[in-house]
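Have a look at the structure below, then the notes.
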Amino acid sequence: MRLTLLAILASLAAACTSAPSVAQDMSFNSYLQVLIARARAEGVSEATIQRMTYDLTPNQRVIELDRAQPGTPSSSGSFSPIQRYLDQHVDAARIGGGRRNYQALGSLAGQIEARYGVPAPIVIAIWGHETNYGSYTGDFDLARSLATLAWEGRRRELFATEFVDLLKIADLGVQRSTLKGSWAGAFGYPQFLPSIYLRLAQDGDGDGHRDIWNSRADTLASIANYFRDAGWRRGQPWGVQATVPPGFNWSALRSEMNAPVCPRVHERHGQWRTVREWRALGVQPQVYLADDTMTALFQPDGAGTRAWLLTANYRVILEYNCSNYYAMSVGLLADEIAR
């Protein structure tokens with residue numbers, strides 16, 4: 001899944017879990033009427049409400065999966081090696097699939113980059129990680145999943161909003177049979193949540209529809225638009241590999257960023273410094289970066305292993321899924337696709 005888009009889930013989780021738990025003080029059917037009233041008040045048609053809700057029941061499997069999610073990160077301080085993850089997720093099959101899709105885009109690749117400022121290999125890498133280039137998008141009925149999660153109450157306001165937004169998508173003419181996805185409500189090739197679809201999905205092929213279930217052009221344009229909205233900087237790489245001198249004093253250069261969302265992700269990065277400043281400390285980028293580019297040093301598996309200087313665009317990838325494992329694998333897969 002991700003926020004599938006986990007940035008939204010993470011940013012709202014704390015607020016949602018502190019809200020009073022009232023949904024399960026009433027039956028599922030009673031709470032469903034609360035959601036229906038909200039959808040109606042926000043303009044969803046009666047016909048859409050009927051076809052999307054007439055047979056809904058709680059999905060116990062969805063509740064089990066949600067309750068299995070960790071509420072807080074481990075305090076052990078240990079991380080599994082990132083190289084092991086990269087070996088599994090930036091493999092020959094995924095690289096080959098990405099290159100084939102990149103070649104098949106033809107002129108569309110240049111059009112996407114010209115319009116959104118995001119390289120096509122980056123958006124293809126997201127597509128590859130989210131759904132293996134569209135081969136699997138999930139088979140949970142989204143209306144049932146989102147209604148269940150809203151009723152369950154752990155992140156009520158988030159999922160109540162996503163449920164109503166799903167009905168708004170259905171009101172645009174999307175069939176319920178199409179609206180299937182992950183247990184947590186993400187769907188389509190890019191695994192957008194309903195609120196993200198309504199705000200950022202794009203008609204990449206000009207046919208008048210934002211079809212992220214079947215259209216490669218719409219999918220990639222939508223991902224690129226998400227990245228542009230999150231602040232992608234045109235013409236800047238996500239990061240480059242760097243060499244770190246022996247005996248490098250990491251303790252004095254750890255990040256001091258106060259990151260309330262996914263703090264363990266950012267605490268593993270070095271301080272935010274210019275390339276010129278890193279060079280003065282002996283850290284050398286292996287690919288050209290302008291001396292005034294702001295970067296953070298990242299050497300996830302410890303001294304003597306691979307290291308990178310990460311730019312602001314790496315943080316944009318983290319907006320899609322707040323995980324160093326995910327963001328690194330997306331960046332490195334994109335590099336391989338572009339070769």
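The table below gives the values:
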read-out: Residue that is hydrophobic (A, V, I, L, M, F, W, C), at pLDDT 95 or above, surrounded by fewer than 24 Cβ atoms within 10 Å (Cβ to Cβ) and more than 24 Å from residue 150 (Cα to Cα), where the choices are 217, 221; value: 217
read-out: Residue within segment 214-224 that is closer than 30 Å to residue 105 by Cβ, within 23 Å of the chain's Cα centre (by Cα) and assigned to a loop (DSSP other than H, G, I, E, B) present; value: yes
read-out: Exclusive hit being surrounded by fewer than 20 Cβ atoms within 10 Å (Cβ to Cβ), under 22 Å from residue 118 (Cβ atoms) and charged (D, E, K, R), set 254, 233, 210; value: 233
read-out: Count of segment 245-286 residues which are outside any helix (DSSP H, G or I), on the phi < 0 side of the Ramachandran plot and not hydroxyl-bearing (Ser, Thr, Tyr); value: 23
read-out: Condition check for residue 291: touching a residue at least 60 places away in the same chain (Cβ under 8 Å), in a loop (DSSP other than H, G, I, E, B) and in the same structural domain as residue 246 (by TED's automatic domain parsing); value: no
read-out: Odd one out for residue 323 among (1) surrounded by fewer than 16 Cβ atoms within 10 Å (Cβ to Cβ); (2) at pLDDT below 95; (3) within 30 Å of residue 186 (Cα to Cα); value: (1)
read-out: The one condition in (1) modelled with pLDDT of 95 or more; (2) within 22 Å of residue 317 (Cα to Cα) that residue 45 fails to fulfil; value: (2)
read-out: Every residue from segment 147-192 that is in a loop (DSSP other than H, G, I, E, B) and of a type in the set (Val, Ile, Thr); value: 174, 178
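The values are calculated or read from the model by the stated rules, or taken from the named source; none is laboratory data. These numbers come from a predicted model, not from an experiment. Positions of Cβ are backbone-derived with ideal geometry, glycine not excepted, and every protein chain shown enters the neighbour counts.
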